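Reading through the structure tokens given below for one structure.
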Amino acid sequence: MATDEKYRAAASAADRVRRAIEAGGERIWTVQDFQGLPFPAVTQTLSRLTRRGEIQRIGKGLYYKPRQTPFGTSRPNPRLLRSIAARDHSVFPAGLTAANLLGFSTQVPAREELATIQGSLPRAKVGRTALIHTRRPEAWRRLTDRDAALLDLIRRRAETSELSPRETVQRLLELLKEDGRFERLMEVANSEPPRVRAMLGALGEELGMGKATLESLRSSLNPLSRFDFGPLSVLKAARVWHAKGRRSG
């Protein structure tokens with residue numbers, strides 16, 4: 001009797017896993033997506049569906065349900081992979097990926113760029129071609145994806161923007177005004193390189209932030225230092241915040 005009940009429970013679990021995957025469309029599945037079901041039944045069902053070609057095993061404990069396209073079977077979307085990686089790791093958009101996310105570029109990079117506070121990321125969870133920038137400050141844990149993407153763009157002096165320098169500044173200011181974003185970046189500014197603190201100061205001044213708000217940034221900079229602001233050298237307060245020179249834009 002106990003054996004029969006165990007068999008029925010396993011069969012029921014297998015059916016629930018199969019139906020969930022069929023109804024879920026294109027996505028990535030893990031064993032953790034089926035909590036509450038018997039672990040052996042889940043893993044056996046996933047293995048069986050893989051052998052049948054209904055799903056693909058893309059890494060340890062990771063399975064991809066593809067869809068059919070006019071060009072053949074789809075491949076895992078990097079953003080789907082990133083959402084899985086973000087469950088266990090701090091993962092943020094970086095480089096051209098960040099610029100595209102924030103509207104500074106229409107270019108979709110051939111290799112997704114990501115940043116993490118860790119020393120590495122599992123390739124199975126972010127894609128084998130992803131370009132990974134490691135060891136971002138621990139303070140980045142407090143940032144949203146868009147916060148971190150914006151900070152990454154500032155770190156790169158907005159060199160990844162396709163907009164003109166003045167359009168880039170305008171877009172930056174719009175994003176910094178949203179939902180207390182400038183204040184959140186201020187909270188992690190002390191963990192950033194001096195050039196980033198200087199550019200944040202110049203942006204904050206253009207936003208009309210008070211002297212008291214910006215004093216912590218100003219006092220953290222060596223008064224003799226000069227920084228390459230790149231396209232952001234068109235900021236009105238760039239020279240006051242130690243920019244080397246000014247571009248036309």
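Apply 1/(1 + (r/R0)^6) to the Cβ-Cβ distance of Thr213 and Ser120, taking R0 = 51 Å, and write down the FRET efficiency to the nearest 0.05.
Details: r = 37 Å, r/R0 = 0.72.
Calculated transfer efficiency: 0.90.
Let a ≥ b ≥ c be the square roots of the eigenvalues of the Cα gyration tensor of the range 103-212; is it rounded (a/c under 1.5), or, if not, prolate (a/b larger than b/c) or oblate?
On the way: a/c = 2.30, a/b = 1.42, b/c = 1.62.
Oblate, because a/c is 1.5 or more while a/b does not exceed b/c.
Please give the length that would be gained between Thr69 and Arg48 if that part of the chain were fully extended, namely 0.36 nm times their separation in residues minus their C-alpha to C-alpha distance (nm, one decimal).
5.2 nm
Would you calculate a helix-derived [θ] at 222 nm for the chain, using -39,500 (n - 2.57) for each DSSP H run of n ≥ 4 and dividing by the full residue count, to the nearest 500?
Working: 10 runs with 111 residues, N = 249.
Here the helix-only value at 222 nm equals -13500 deg cm²/dmol.
Within 10 Å, Cβ to Cβ, of Ala115, how many net charges do the neighbouring residues add up to if Lys/Arg are +1 and Asp/Glu are -1?
Values: positive: Arg135, Arg136, Arg155; negative: Glu113, Asp152.
Around Ala115, the charge tally is +1.
Would you mind counting up the charge near Pro137? Only other residues with Cβ under 15 Å from its Cβ, with Lys and Arg at +1 and Asp and Glu at -1.
Working: positive: Arg135, Arg136, Arg141, Arg142, Arg155, Arg184, Arg195, Arg197; negative: Glu138, Asp147, Asp152, Glu187, Glu192.
Once all neighbours under 15 Å are counted, the net charge is +3.
Could you list which residues have their amide H under 5 Å from that of Ala94, counting only those 5 or more apart in sequence or on another chain, with H placed in the peptide plane?
Result for Ala94 returns Glu113, Leu114, Ala115.
Amide H to amide H, which residues 5 or more places from Glu162 or on other chains are under 5 Å from it, using H placed in the peptide plane?
Ser105
Hey, what angle do you get for helix 2-24 against the long axis of the chain, alpha-carbon based, 0 to 90 degrees rounded to 10?
The answer is roughly 40 degrees.
List, largest first, the extents of the alpha carbons of the chain along their principal axes, each in whole Å.
Its Cα atoms span 81, 41, 29 Å along the three principal axes.
Along the positive direction of the dipole of the chain (beta-carbon charges: Lys, Arg +1; Asp, Glu -1; about the Cα centre), which of Ala148, Thr160, Ala237 reaches farthest?
Farthest towards the positive pole: Thr160.
Pairing the Cα long axis of helix 194-207 with the longest principal axis of the chain, what angle in degrees results, from 0 to 90 and rounded to the nearest 10?
Helix 194-207 sits roughly 80 degrees off the main axis of the chain.
Check the chain and count each lysine pair with an alpha-carbon distance under 24 angstrom, considering only pairs eight or more places apart or from different chains.
The result is 7.
If we count every other residue with Cβ under 12 angstrom of Asn222's Cβ, Lys/Arg +1 and Asp/Glu -1, where does the sum land?
Values: positive: Arg195, Arg197, Arg218, Arg226; negative: none.
Its environment carries a net charge of +4.
Neighbour counts of other C-beta atoms within 10 Å: give me Phe92, Phe39, Phe71 arranged from fewest to most. Walk me through the intermediate numbers first.
Working: Phe92 25, Phe39 11, Phe71 6.
Least crowded to most crowded, the residues run Phe71, Phe39, Phe92.
In the range 125-180, which trypsin sites (Lys or Arg not before Pro) are in a loop and have at most 10 other Cβ atoms within 10 Å, using DSSP for the loop call?
Working: sites: Lys125, Arg128, Arg135, Arg141, Arg142, Arg146, Arg155, Arg156, Arg157, Arg166, Arg171, Lys177; in loops: Arg128, Arg135, Arg156, Arg157.
Answer in residue order: Arg128.
What Rg and what Dmax come out for the range 153-245 when only alpha-carbon atoms are used, in angstroms?
Answer for the range 153-245, Rg first and Dmax second: 12.0, 34 Å.
Bear in mind that the values in this text are calculations on the coordinates, not laboratory data. Owing to the predicted nature of the structure, the values given are computational and were not obtained by experimental measurement. Neighbour counts are summed over all protein chains in view; Cβ atoms, including those assigned to glycine, are modelled from backbone coordinates with ideal geometry.
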